[in-house]
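Here the structure is laid out as structure tokens; the discussion comes afterwards.
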Amino acid sequence: MQLNLPPDLETLVNKRLSSGGYTNAEDVLRHALEAQDAEESWTDEERRALSAHIEEGYQQAEGGQLIDGTQGRRDIEAMKEKWREGRLPGR
């Protein structure tokens, strides 16, 4: 199967490729479709659980239970790097 992408979608694919998290356009498309499939398969219970986690975080923030922005960025970068390592072929 071959796909002809409009320029806006081609730009998005190239953006993902340049991030280093994907090796080719097929990987980008696979991830996008898998994410969409996972999102569409969420049950009402899972949606409620996610909403509860968001509410819990909001309440913690309201109560002053926050982490420093710099530390938050470091934590997110570490999670992103771990995710990228898991997506590389042969791992």
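The values are calculated or read from the model by the stated rules, or taken from the named source; none is laboratory data. On a predicted model such as this, the values are computed, not experimentally measured, just so you know. Cβ coordinates were reconstructed from backbone atoms using ideal geometry, including for glycine residues, and neighbour counts include every protein chain displayed.
The table below lists the values:
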{"quantity": "Filtered residues of the stretch 52-62 (kept if modelled with pLDDT of 95 or more and small (Gly, Ala, Ser))", "calculated": "Ala52"}
{"quantity": "Search result, residues across the stretch 31-59 that are part of a helix (DSSP H, G or I) and either among the aromatic types (Phe, Trp, Tyr) or touching a strand residue (DSSP E or B) at 6+ places or on another chain (Cβ under 8 Å) (or both)", "calculated": "Tyr58"}
{"quantity": "Matching residues, the stretch 1-30, being out of contact with any His (no Cβ under 9 Å at 6 or more places or on another chain), in a helix (DSSP H, G or I) and closer than 21 Å to Trp83 by Cα", "calculated": "Leu12, Val13, Asn14, Lys15, Leu17, Ser18, Ala25, Glu26, Asp27, Val28, Leu29, Arg30"}
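Residue-by-condition table, conditions (1) surrounded by 10 or more Cβ atoms within 10 Å (Cβ to Cβ); (2) free of Cβ contacts under 8 Å to residues at least 40 places away in the same chain; (3) touching a helix residue (DSSP H, G or I) at 6+ places or on another chain (Cβ under 9 Å):
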residue	(1), (2), (3)
Asn4	no, yes, no
Asp8	no, yes, no
Ala32	yes, yes, yes
Asp37	no, yes, no
Glu56	yes, yes, no
Arg74	yes, yes, no
